[in-house]
Every structure is written in structure tokens, then in C-alpha cells.
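Student: Dropping the structure in here first, questions after.
The values are calculated or read from the model by the stated rules, or taken from the named source; none is laboratory data. Just so you know, these numbers come straight off a predicted model, no measurement behind them. Glycine gets a Cβ as well: all are built from the backbone with ideal geometry, and neighbour counts include every protein chain shown.
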């Protein structure tokens with residue numbers, strides 16, 4: 001049986017409101033927010049606004065010198081039907097996966113070597129950073145010269161050694177162009193991996209290796225069961241950053257091949273550059289970037305999940 | 001110069017463009033005389049005069065860089081054109097026979113190994129540097145190359161000739177671009193600006209300017225300047241100015257044409273043949289598709 005509730009109105013004396021000073025905690029909160037404000041403004045101005053604006057651009061026919069108007073999905077349809085789009089999609093994945101894998105292996109090997117007590121270790125540790133600190137423009141022009149079929153060092157060496165009869169146009173043949181770009185990029189960027197891994201190795205306690213040796217662990221087993229687990233967090237961060245940087249790399253392809261020969265090395269950054277900066281069609285360029293956003297997020301998520309599983313296993 | 005809207009927006013002060021730059025000494029050594037009159041002649045000269053790997057006959061990029069657009073001119077001299085008179089509708093499909101003749105010509109040149117290795121990824125400087133290092137018989141390049149030779153390698157310049165483009169089977173297509181001056185629409189001193197334009201076109205003033213620049217003459221009044229006689233390569237500029245056509249010709253120079261040019265559409269068709277081993281039909285079909293997409297945006 002439902003009970004009926006009765007309400008009763010009662011007059012309660014209201015205390016006189018006295019303006020009080022903000023409590024100490026409130027003042028601290030306000031101060032904290034004030035201090036965060038510049039950062040928030042910078043993030044909104046330099047990250048959020050450009051991001052939202054680029055999404056808007058991808059839905060407009062904005063070109064250099066024109067205001068641009070909303071065109072719905074026209075840019076996306078145009079870009080997806082463009083002959084080089086599918087090539088850019090495949091090439092971006094191939095370039096990113098291969099280059100990151102090479103940098104990971106090379107960086108780990110070099111870090112392991114430089115973590116040993118070898119002569120001139122400090123010199124080599126400093127020397128290691130050279131490719132990383134050199135301007136990308138210089139690095140890739142040097143590599144272009146190295147690959148040159150007429151005057152490049154690699155062809156000269158291979159012909160002198162009797163390994164080749166005629167020079168190879170490394171950057172100009174479909175079979176070799178992408179591999180050549182990946183090698184040049186990996187050479188430039190692997191020091192970041194090596195130096196990060198080396199720093200991580202310094203934090204692994206020597207006692208763990210001593211104990212492993214007492215237990216009769218081989219070098220490989222020490223690496224597999226002591227070094228690698230100790231580096232998982234660093235490997236995760238480095239892989240994450242490198243995947244983002246590599247997928248967004250522009251200079252290696254632009255300076256070495258211009259996306260050619262044909263579309264053999266066309267990656268999405270170059271396609272966006274051609275559409276936006278060369279053809280001056282900013283809406284189409286933004287559509288290219290927007291279309292690749294899920295792919296990049298997917299790559300980053302895959303790396304993160306993979307490493308999280310490893311670290312928590 | 002009159003624009004497609006029928007109005008004059010700017011006044012020209014100089015012509016500029018690519019020309020045929022040739023190693024006259026290598027051509028003479030091969031027992032050949034004078035500059036090639038046709039593209040077919042040029043290929044024959046290139047085959048005969050080159051001595052790879054010391055020198056290569058045709059040092060022309062076939063890449064994704066804009067210097068490769070010279071191939072569009074070669075194709076048009078075979079009788080093809082991209083779009084109709086209005087520059088709106090793609091008509092290249094109606095010129096399949098001419099395009100295939102051009103593709104046959106290019107394929108023959110490719111098979112004859114007159115191109116240096118690597119041209120399919122060359123940037124816009126590589127033909128310059130190859131010529132500067134003495135490894136080229138023919139290049140198609142602006143006079144900037146000769147100005148560099150004048151300052152750095154006069155001996156090589158003395159062996160170098162400058163000519164208009166050779167003829168194709170149907171016509172001679174030699175595009176010329178220009179430098180021009182305009183008055184801002186919202187200028188506060190329009191009369192003063194107009195007077196400046198008149199003064200700057202004054203022959204005595206232009207004589208001084210052209211003697212230290214790289215522009216060809218835009219007025220008959222400039223043809224008597226000493227600069228054309230003093231420097232042999234500047235004669236090439238005069239000939240180009242007298243005989244050249246506006247950029248894009250016979251197509252209308254509009255946004256659609258410009259965009260297909262920045263996409264190096266014709267050079268990409270050639271790369272499909274020699275890099276990807278596509279058939280002529282497949283490469284041609286893709287080119288028509290790309291042109292249709294670009295021109296369709298501006299129709």
C-alpha cells in the first residue's frame with residue numbers, strides 16, 4: 001500500500017550573510033588556474049585552433065588568395081580518387097614500419113656496444129649524435145650525392161670492388177628508391193634510439209647482471225631477461241615518438257626523390273605538400289592530412305598497446 | 001598584356017624562358033653542323049654526339065619537378081593539346097594519335113640511352129649541374145645556366161650554343177614567360193605610378209637594365225641594344241622573344257592549366273611508361289583521368 005507523504009513548510013531563521021575572505025584553498029586554486037592559463041592559451045592557440053581550422057579547411061574549397069566556402073565531402077572524394085593517394089597510403093605505412101624497425105634494431109645494437117667498457121667510449125658516445133644534430137637538409141643532400149649514379153661514392157665503390165658493372169640509379173628505380181630513402185632516414189634518426197636506450201641501460205642495476213651470471217645466464221639470456229625488461233618503458237616512449245615523427249617525415253622524401261620515380265616514394269606528407277603548397281589548393285591538402293589522421297592514430301595506438309602488454313606481462 | 005578577361009592588368013618589361021642549350025663542340029666533333037631543326041634531329045644528334053658515361057645526349061628531367069614540363073611542349077609540337085579554346089573541357093582524348101606518336105618518340109629516346117641515369121627523380125637543378133660539369137650535349141634550360149658559365153666557366157660557355165626549341169611534326173612550340181609591372185588598384189598616387197611605368201619603359205633606362213639582367217626584349221625599340229650583340233647567349237633570348245608563344249600555348253593559360261603543370265601531368269605519363277612499365281593505353285587513360293579531374297574543378 002502506497003504511503004502518502006505530507007510536506008510541512010517551516011520558517012527557518014536565515015543567518016545574516018557576512019562577506020568572507022576566500023579560503024586559503026580557494027586562493028591557491030585560483031593561483032594555480034592563473035598559472036595554467038598561459039599554457040592553456042598556448043595550447044589552444046598553437047594546437048587546438050590549427051587542428052580545428054585544418055578540419056574546417058578540409059571541408060572547404062579554400063585556395064591561396066580565395067576565401068573558401070563549404071563544399072562538404074568534395075575534397076575527400078577528390079583526394080581518394082587521386083591516382084597517387086593509394087600509393088601514398090601504402091608508402092607511408094611501409095616507410096614508417098621499416099624505418100622504425102631498422103632504427104630500433106640499429107639503436108639497440110649501438111647502445112649495447114657503447115654500454116661496454118671499450119676504448120674511446122666517450123668519444124663514440126658524442127660522435128653518435130652527429131647524424132641526429134646535423135640539419136636534415138645537409139644530411140639528405142649528402143645522401144643524394146652518395147647515391148648519385150654518375151658521381152656518387154656508393155656506385156664508385158661498388159664498381160671499383162668489382163661488385164657492379166654499371167652504376168645503379170638507387171633513387172630513380174622503383175625497385176631501389178624506397179629502400180634507399182629508408183636507409184638514409186634510418187641513418188639520420190637512429191642516434192635518438194641509441195642514446196635513449198643507452199641512458200636506460202645506465203639505470204639497470206649491475207647486481208642484476210651479477211646475479212644472472214651466477215645463475216649461469218648467457219649474454220643473450222642476460223639481454224633477454226635483464227636488459228630488455230629494464231628498457232620496456234623507454235622503448236615504449238621512443239617507439240611512440242619515432243612512429244609519429246617518421247610517419248610525418250617530409251624532408252627525406254622531398255629532398256631525395258620528390259616522391260618519385262613515378263609514385264614509388266610518394267608519402268602522405270608530400271602529397272599534402274604538393275596539393276597545398278604547389279597547387280595552392282589548401283582544402284585538398286587539409287583533406288589529405290585529415291584522411292591520414294586515423295591511420296596515424298592507429299599506428300600510435302598499436303605501438304602503445306603492444307608495449308603496454310609487454311610491460312605488464 | 002591582355003588577360004583572358006580582356007583587360008590589361010600589367011605591362012611587360014622582359015621575356016624569359018627555356019631554350020635549347022647545346023655543346024656545339026661535341027656536335028661538331030660528331031661531324032654534325034648547326035643546331036637540330038626538329039626533335040627527331042635532336043635525338044639523332046644526341047645519339048651520335050654523346051659518349052656515355054663522359055657525356056649524355058639529352059639531359060632533360062623526366063621527374064615530378066616542374067622542369068620536366070618541357071615534355072608537354074614536345075607533345076604539343078606533335079599536334080596535341082590538353083583542352084579546348086576556352087580552356088574548360090579536356091580534349092587530349094581527341095588527339096590520341098598525336099600523343100602516341102609523341103610517346104613513341106620518347107620511348108625511342110629512352111631505349112637509345114641518351115638520358116643520364118637518374119633523370120626520373122631529378123630536381124630542377126640537376127640538368128644545370130650536369131651541363132656545368134661538361135656531361136651534357138643538349139639541355140633545355142633558361143639563360144641562368146649561361147650566366148653561371150659566364151662567371152665561372154667561360155671556356156665551356158665558348159663551346160655552347162643557344163637556340164630556339166626544335167620543331168615537332170606539326171609545329172614549333174616554344175613557350176615564353178615574362179616579367180611585368182602593375183599598379184596597385186588602391187594606390188593613392190595613380191598618376192605618379194603611371195608615370196613611373198612610362199619612365200621605366202624608356203629605352204635608355206631599359207638598355208641599362210637589360211645589360212645586367214636576363215630578360216629578352218619586349219619592344220622593337222629595344223632590339224638595337226648592344227647587349228644582344230655583346231653576349232652570344234643573349235641572342236638566343238632575342239630569338240626566343242621574337243618567335244615564342246605564351247606559356248601553355250595552344251592551351252589557355254588558366255588555373256586549370258597551371259595546376260596540371262605543377263602536377264607535371266605529362267612527365268608522370270612518361271614515367272608510367274619507363275618506371276612502371278605501363279602500356280601506352282594505360283598511361284594515357286590515367287592522364288586523361290587526371291586532366292579531367294583538374295579541369296573539372298574549374299569548369
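Student: In this structure, is residue A:257 at pLDDT 90 or above and within 14 Å of chain B (Cβ to nearest Cβ)?
Tutor: yes
Student: Give the residues of the range A:49-72 that are touching a residue at least 60 places away in the same chain (Cβ under 8 Å), within 12 Å of chain B (Cβ to nearest Cβ) and closer than 16 Å to residue A:279 by Cα, sorted by residue number.
Tutor: A:61, A:63, A:64, A:65
Student: Among (1) over 25 Å from residue B:145 (Cβ atoms); (2) out of contact with any strand residue (DSSP E or B) (no Cβ under 6 Å at 6 or more places or on another chain), there is one condition residue B:251 misses while meeting the rest; what is its number?
Tutor: Of everything listed in (1) over 25 Å from residue B:145 (Cβ atoms); (2) out of contact with any strand residue (DSSP E or B) (no Cβ under 6 Å at 6 or more places or on another chain), residue B:251 misses just condition (2).
Student: Another one. Just to be sure, is residue B:223 out of contact with any strand residue (DSSP E or B) (no Cβ under 6 Å at 6 or more places or on another chain) and surrounded by 22 or more Cβ atoms within 10 Å (Cβ to Cβ)?
Tutor: Spelling it out, it is not the case that residue B:223 is out of contact with any strand residue (DSSP E or B) (no Cβ under 6 Å at 6 or more places or on another chain) and surrounded by 22 or more Cβ atoms within 10 Å (Cβ to Cβ).
Student: Identify, from the list A:106, A:129, the residue that is under 30 Å from residue A:209 (Cβ atoms), away from chain B (no Cβ under 14 Å), modelled with pLDDT of 95 or more and surrounded by fewer than 19 Cβ atoms within 10 Å (Cβ to Cβ).
Tutor: Matching residue, one of A:106, A:129: A:106.
Student: Tell me which of these residue B:67 doesn't satisfy, since it passes every other one: (1) in contact with a helix residue (DSSP H, G or I) (Cβ under 7 Å, 6 or more places away or on another chain); (2) more than 24 Å from residue B:157 (Cβ to Cβ); (3) within 14 Å of chain A (Cβ to nearest Cβ).
Tutor: Of (1) in contact with a helix residue (DSSP H, G or I) (Cβ under 7 Å, 6 or more places away or on another chain); (2) more than 24 Å from residue B:157 (Cβ to Cβ); (3) within 14 Å of chain A (Cβ to nearest Cβ), only one is false for residue B:67: (2).
Student: Another question, then. Consider residue A:115 against the criteria (1) in contact with a helix residue (DSSP H, G or I) (Cβ under 9 Å, 6 or more places away or on another chain); (2) surrounded by 15 or more Cβ atoms within 10 Å (Cβ to Cβ); (3) modelled with pLDDT under 95; (4) within 14 Å of chain B (Cβ to nearest Cβ): it satisfies all of them except one. Which criterion is unmet?
Tutor: All conditions are met except number (4).
Student: Which residue, of B:221, B:261, is within 13 Å of another protein chain (Cβ to nearest Cβ), in contact with a helix residue (DSSP H, G or I) (Cβ under 9 Å, 6 or more places away or on another chain) and assigned to a helix (DSSP H, G or I)?
Tutor: Among B:221, B:261, only B:261 is within 13 Å of another protein chain (Cβ to nearest Cβ), in contact with a helix residue (DSSP H, G or I) (Cβ under 9 Å, 6 or more places away or on another chain) and assigned to a helix (DSSP H, G or I).
Student: Could I ask something else about it? Can we say residue B:256 is assigned to a helix (DSSP H, G or I), within 12 Å of another protein chain (Cβ to nearest Cβ), in contact (Cβ under 8 Å) with a residue 40 or more places away in the chain and under 21 Å from the mean Cα position of the chain (by Cα)?
Tutor: When the stated conditions are applied, residue B:256 passes them.
Student: Looking for something more than 18 Å from residue A:81 (Cα to Cα), in a helix (DSSP H, G or I), away from chain A (no Cβ under 12 Å) and free of Cβ contacts under 8 Å to residues at least 60 places away in the same chain - is there at least one such residue anywhere in the range B:272-288?
Tutor: yes
Student: Moving on to the next point. Do we have any residue at all in the range B:201-214 that's away from every other protein chain (no Cβ under 14 Å), at pLDDT below 95 and crowded, with 20+ Cβ neighbours inside 10 Å?
Tutor: yes
Student: So, one more: Have a look at B:141, B:128 and point out the one that is in contact with a strand residue (DSSP E or B) (Cβ under 9 Å, 6 or more places away or on another chain), without any contact (Cβ under 8 Å) to a residue 40 or more places away in the chain and surrounded by 19 or more Cβ atoms within 10 Å (Cβ to Cβ).
Tutor: One residue alone meets the criteria, B:128.
Student: Would you confirm, using the coordinates I've provided, whether residue A:75 is in contact with a strand residue (DSSP E or B) (Cβ under 9 Å, 6 or more places away or on another chain), in a helix (DSSP H, G or I) and within 14 Å of chain B (Cβ to nearest Cβ)?
Tutor: Judged against the criteria, residue A:75 is a match.
Student: Looking at the range B:95-120, which of its residues are over 16 Å from residue B:273 (Cβ atoms), within 14 Å of chain A (Cβ to nearest Cβ) and not in a loop (DSSP other than H, G, I, E, B)?
Tutor: none
Student: Can you confirm whether the range B:229-244 contains a residue that is out of contact with any strand residue (DSSP E or B) (no Cβ under 9 Å at 6 or more places or on another chain), part of a helix (DSSP H, G or I) and either within 14 Å of chain A (Cβ to nearest Cβ) or at pLDDT below 95 (or both)?
Tutor: Yes, the range B:229-244 has at least one match.
Student: So if I check each of A:279, A:248, which one is within 14 Å of chain B (Cβ to nearest Cβ) and within 30 Å of residue B:287 (Cα to Cα)?
Tutor: Among A:279, A:248, only A:279 is within 14 Å of chain B (Cβ to nearest Cβ) and within 30 Å of residue B:287 (Cα to Cα).
Student: Of the numbered conditions (1) farther than 30 Å from residue A:175 by Cα; (2) touching a helix residue (DSSP H, G or I) at 6+ places or on another chain (Cβ under 7 Å); (3) not in a helix (DSSP H, G or I), residue B:137 satisfies every one except a single condition; which is it?
Tutor: Among (1) farther than 30 Å from residue A:175 by Cα; (2) touching a helix residue (DSSP H, G or I) at 6+ places or on another chain (Cβ under 7 Å); (3) not in a helix (DSSP H, G or I), the lone unmet condition for residue B:137 is (1).
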